Each structure stands twice: as structure tokens, then as C-alpha cells.
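A.B. asks: One structure, pasted below without further comment.
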Amino acid sequence: MLNRRTLLMAGSSLTISHPFVKTLSVFADPLNPPLKYHSHDPANGEPSLASLIRSYITPIENFFIRSHARNPKINATSYRLRVEGMVEQPLSISLADLKKFSEIALVATLTCAGNRRSEFSKDKKINGVPWGSAAIGNAVWRGVHLSDVLNLAGVKPGARHVWLEGLDAVKRDAGTIPFGGSIPIEKALDSRTTGAALLATQMNNKPLTPDHGFPLRAVIPGYIGARSVKWLGKIVVSDRPSTNHYLASAYKLVQAPDPLSWNEAGALYRYPINGAICVPENNAIISAGKTRVRGYALPSGRADCKIKSVLLSTDSGRTWQQANLEKQQNSFCWQLWDAQLNLLPGTKSIILRAEDTSGAWMPQRVAWNYKGYFQNGWYRLPVNIR
Ligand SMILES: Nc1nc2c(c(=O)[nH]1)N[C@H]1C(S)=C(S)[C@@H](COP(=O)(O)O)O[C@H]1N2
Ligand SMILES: [Mo]
């Protein structure tokens, strides 16, 4: 079978011969290169930085994929979402039933807690997908409010957390477990802010693709990507956080992988401010003079929080220049920016730091952590100025 993924596995520059088309280059569009895959089974890929920031809304082909297991095969007709636990009335909801709830569309950025992980490896090696800075994307999500579904089921007093469980089977120890996690009940019941939790059937006005969670996924604006469970099969309302590995142990900031460290550390939910320089590329050879620099910044994932300023330095942080912020600005969404810098011969790097309206800054340095999460330190782009 010839598709993008098998082609990628076979190598990057395949040409196909055909009697009528002399030679057809498969990757004819240099403006739209496919994702760079860190692994194929499961699928983990990120776009090039240059293609990442071509538009405010990230096209599906440019949207990173982070999966812990193979895509489950789901029959949309027999598919049911189960809602159980501390509810008055457990529910079993088909895709047709979902259409009876009011339809909501919202724009939200999804980012992996491991975005920029590879920068930690300069200090000490880290296991896990070696993400660059493109494990992030901004999409239009369409679906229904999680709160509407929970209110129909009737949340019992004393409920504190809402567990979300996928239909995938992740290999762990001798067997398999579903990918899952939970969010606080307050986030799950939010229906007023643009940060309201969504059960999404569509991404950029198309049905979800299998890689992004067909037929239904959670989208939890402002939270690490791991809380936006794909291939959602079950929702459990509970008085305690999920016992799923991906809430109880993984996705925590620890220095060592021992049980005490895991238990002492809190689960990660909201993501911090972050940002990256996407153009020019790493180690680019650039002529001295004016150069356009572009990238993204992400405000902390809290309501009403936006990027306030993006600052760039070409002299190791002694002086800073403001970047222009593009017009489209929404909380829970990234901010694209650009700047015209005057690069002098001998400039070694361009440094970025950003500030948001909650007062958060990207810190100068982030301490190494065992899983390599939340790398949001000043972004340093090495350049060669000729
Ligand atoms: N069921 C399931 N949901 C999942 C995952 C997964 O492996 N299985 N990965 C999570 C992680 S870690 C991230 S960052 C996002 C990535 O979403 P995307 O692949 O659509 O970009 O999905 C989350 N939801
Ligand atoms: Mo992630």
C-alpha cells in the first residue's frame, strides 16, 4: 500500500515511474513537507518549524501527532461513549445522540508537555520522544461541551474529578492499558469561558482523522495535550483523580523515577507560557543585515491570558527588541509574531523570551527533570552570520 507513512518509512525521496508521467516526485510541494516522524508505531511526528507557523490555524497535515499506541479501529456506527461513576444516570451515547447537544466550536492550541524536550538532553539524556519545538498546533475544534453531557447524566454531590479514558491499548509491563487521565470537576463543568472542555468530533471543520482521535476526543483548552484524550471511550465522574498511569505517575515533574518521587509530585494540568523561534532555521547561515525572524509564543493556559510581549536579543540578553504580535489573539491559543532584526557579523544566537498578561515570563533556565516536561526557558537559536 502506498501512502505517506509507508513512503516515509521507505525513505524520504521516492520517485515513481509511470509510462505516462516520466518521473513523479512524491514530495513535489516543498512548502508542505510531511511530518518528521520520531516513530511510526505508535505514530509520533512533528512538522518542520517553518511549516508550523505558516498560518494561525494549523492545517491537519502540519499538526503534530503524539500517540502512545497504535490507532484503535473504531466502528462509528456501533461506537458508544459511556458516562458513569458519580452520576444520577449512567449514559451510553452514540455519535447520533451527540448531535442532540448544542454544537460548539472553539479555537485552542494543543501542546505536548514534552514540547522542546530535546533541549534538556544537552544537560542529561532523557528517554521519551525527542521533541523539537513543533509538538504544538492550533485548531478549530467542533463538538459539544463536556459540561452538557455531564449535566444530562447528573453529577452527584461530592464529585471532584472527571476521568477520561481512551479506547487505545498501550503496552505496559506484561499487558496493555488504555491511555487516560482526569481533570478537576470545575474545569469539566466550565461552560462559560473559551477554556471550556469540549468533546470534539471535528478538527478544522473535518471529521477527526484516526491519528487525532476519530471519532471523538476530549479537548481541554489550557491543559497539557495529554489531558485531551483521543478515541474517548469512557468518562467516569469520581471523588478522586484518575488512577490511570498517565495521571497517577507519568506527566509529573520528578528528578528520579522512584515511587516516592512519583507520589510526592502533583499531576500536571495547566501548561506554562512558552515560545520558540521558527524562522530562520537552526544554525542557518545568514548574511549580515536585516533579517526577518518569526515564531510563536503561547500564553499560560488560564482564562483571559494573552501574550503581552515577545522580546528578542542578539547580544546574549544584554538588550532586547520587541517583536510584532500578529492580530489574531485569543486566550488558550498561541500568538504568532515576527520581527525585523539587524544581525551583525559575529552574532552567535538569537534569544527569545515572552511575557503574558498574567505576569508570567519564560524563565532564563529550566531545571532538568526526568521526563523532560515543561521546557519553557529562553529559546536560543544558534545562527551563523556571514
Ligand atoms: N487515547 C489517547 N489519547 C491521547 C494520547 C494517546 O496516546 N492516547 N496522547 C496524548 C498526548 S500526550 C498528546 S500531546 C495529545 C496529542 O494530540 P494529537 O496527536 O492530536 O496532536 O493527545 C493526547 N491524547
Ligand atoms: Mo503529550
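A.B. asks: Around Val140, which amide H atoms from residues at least 5 apart in sequence, or from another chain, sit under 5 Å from its own amide H, with H modelled in the peptide plane?
C.D. replies: Residues meeting the amide H criterion: Asn204.
A.B. asks: Give me the three principal axis extents of the range 338-383 from the C-alpha atoms, as integers in angstrom, largest value leading.
C.D. replies: If we take the Cα atoms of the range 338-383, the spans are 37, 28, 14 Å.
A.B. asks: Under a 10 Å cutoff between Cα atoms, tell me which one of Leu150, Leu164, Leu95 has the largest fluctuation in the Gaussian network model of the chain.
C.D. replies: Leu95
A.B. asks: Averaging the inverse of every distinct alpha carbon separation and then flipping it gives the Kirkwood radius. What is it for the range 112-190, in angstrom units?
C.D. replies: Averaging 1/r across every pair of different Cα atoms and inverting gives 16.1 Å.
A.B. asks: Same structure, new question: Using Cα pairs under 8 angstrom and six or more residues apart, how large is the relative contact order of the range 274-385, in percent?
C.D. replies: On the way: 273 pairs, mean separation 38.2, N = 112.
In percent, rounded to a whole number, it is 34.
A.B. asks: Mind listing P(r) for the range 317-365? All alpha-carbon pairs, 5 Å bins, whole percents.
C.D. replies: Distribution as computed: 4, 13, 25, 24, 18, 10, 4, 1 percent.
A.B. asks: Given contacts defined as C-alpha pairs under 8 Å and at least six residues apart, what's the relative contact order of the chain, whole-number percent?
C.D. replies: Working: 952 pairs, mean separation 58.8, N = 386.
Contact order relative to length: 15 percent.
A.B. asks: Given the options Thr314, Thr347, Thr77, which has the most mean-square fluctuation in a GNM of the chain, springs set between C-alpha atoms less than 10 angstrom apart?
C.D. replies: Per the Cα network of the chain with a 10 Å cutoff, Thr77 tops the list.
A.B. asks: Two decimals is fine: what's Rg over Rh for the chain, C-alpha atoms, Kirkwood radius as Rh? Present the calculation step by step, with values, prior to reporting the outcome.
C.D. replies: Details: Rg = 21.7 Å, Rh = 22.1 Å.
Checking Rg against Rh, the ratio lands at 0.98.
A.B. asks: Something else about it: What ranking of Tyr56, Tyr251, Tyr379, Tyr296 emerges when the number of other C-beta atoms within 10 Å of each C-beta is taken as an exposure proxy, fewest first? If you can, show how the numbers build up before the last one.
C.D. replies: Numbers: Tyr56 17, Tyr251 21, Tyr379 24, Tyr296 30.
Least to most surrounded, the residues fall as Tyr56, Tyr251, Tyr379, Tyr296.
A.B. asks: Just to be sure I understand: if I project the alpha-carbon convex hull of the range 91-222 onto a plane and average over all orientations, what area do I get in nm²?
C.D. replies: On the way: hull surface 41.0 nm².
Result: a mean projected hull area of 10.3 nm².
A.B. asks: What distance in nm separates the simple spin-label points at Gln329 and Ala288, each placed 7 Å from Cα in the Cβ direction?
C.D. replies: 3.6 nm
A.B. asks: Structure shown: which of Lys36/Lys99; Lys171/Lys371; Lys122/Lys230 lie over 29 Å apart, alpha-carbon to alpha-carbon? Intermediate values should be presented prior to the final figure.
C.D. replies: Details: Lys36/Lys99 35 Å; Lys171/Lys371 18 Å; Lys122/Lys230 32 Å.
Pairs exceeding the cut-off: Lys36/Lys99; Lys122/Lys230.
A.B. asks: Within the range 150-164, find all residues whose amide N lies under 18 Å from a label point positioned 7 Å from the Cα of Gln89 along Cα-to-beta-carbon.
C.D. replies: Residues passing the 18 Å test: 150-157.
A.B. asks: As I understand it, the dipole of the range 274-385 uses +1 on the Cβ of Lys and Arg and -1 on the Cβ of Asp and Glu, about the Cα centre. Which of Gly346, Gly359, Thr291 lies farthest toward its positive end?
C.D. replies: Gly346
A.B. asks: Further, regarding this structure: In 10 Å bins starting at zero, report the fraction of Cα pairs in the range 274-385 per bin as a rounded %.
C.D. replies: Taking every Cα pair in the range 274-385, the percentages come to 15, 46, 30, 9, 0.
A.B. asks: If you don't mind, there's one more thing I want to ask. Please compute the modelled spin-label separation between Asn384 and Lys206, points set 7 Å along Cα→Cβ, answer in nm with one decimal.
C.D. replies: With each label point 7 Å from Cα toward Cβ, the separation is 3.8 nm.
A.B. asks: Further, regarding this structure: Which one of Asn205, Ala169, Val279 has its Cα pushed farthest toward the positive end of the charge dipole of the chain, where Lys and Arg give +1 and Asp and Glu give -1 at the Cβ?
C.D. replies: Comparing the listed Cα positions along the dipole, Val279 ranks first.
A.B. asks: Step through the residues of the range 120-125 one at a time and calculate ³J(HN,Hα) from phi using the Karplus curve (6.51 cos²θ - 1.76 cosθ + 1.60, θ = phi - 60°), rounding each to whole Hz and writing x for Gly and Pro.
C.D. replies: Once θ is set to phi - 60°, the couplings for the range 120-125 become 5, 5, 5, 7, 6, 4 Hz.
A.B. asks: So if I place +1 on the C-beta of Lys and Arg and -1 on the C-beta of Asp and Glu, and nothing else carries charge, what would the dipole magnitude of the chain be about its Cα centre? I want it in debye, nearest 20. Provide the component values of the computation, followed by the final result.
C.D. replies: On the way: 46 positive and 27 negative charges, 120 e Å.
My answer is approximately 580 debye.
A.B. asks: Separate question: Among Gln321, Ile307, Asn369, pick out the residue whose Cα is farthest towards the positive end of the charge dipole of the range 274-385, where Lys and Arg carry +1 and Asp and Glu carry -1 on C-beta, about the Cα centre.
C.D. replies: Of the options given, the answer is Asn369.
A.B. asks: I want to check the label-to-label distance for Arg80 and Asp148. Put each point 7 Å from Cα in the C-beta direction and report it in nm to one decimal.
C.D. replies: Once both label points are built, they end up 2.2 nm from each other.
A.B. asks: Provide Rg and Dmax in Å for the range 154-227, with only Cα atoms included in the calculation.
C.D. replies: 14.0, 43
A.B. asks: Divide by every residue of the chain the summed helix terms, -39500 (n - 2.57) for each DSSP H run of at least 4, and state the resulting mean residue ellipticity at 222 nm, rounded to the nearest 500 deg cm²/dmol.
C.D. replies: On the way: 7 runs with 38 residues, N = 386.
Taken over the chain, the calculation gives -2000 deg cm²/dmol.
A.B. asks: With charges only on Cβ, +1 for K and R and -1 for D and E, what is the dipole size of the range 165-240 about its Cα centre, in debye, rounded to 20? It would help to have the intermediate numbers written out before the result.
C.D. replies: Numbers: 10 positive and 7 negative charges, 21 e Å.
For this selection, approximately 100 debye.
Just so you know, all these numbers are worked out from the coordinates, no wet-lab data involved. Since the model is a prediction, treat every value here as computed from it, not as a measurement. Because the Cβ atoms are built from the backbone with ideal geometry, glycine has one as well, and the counts that use them run over all protein chains shown.
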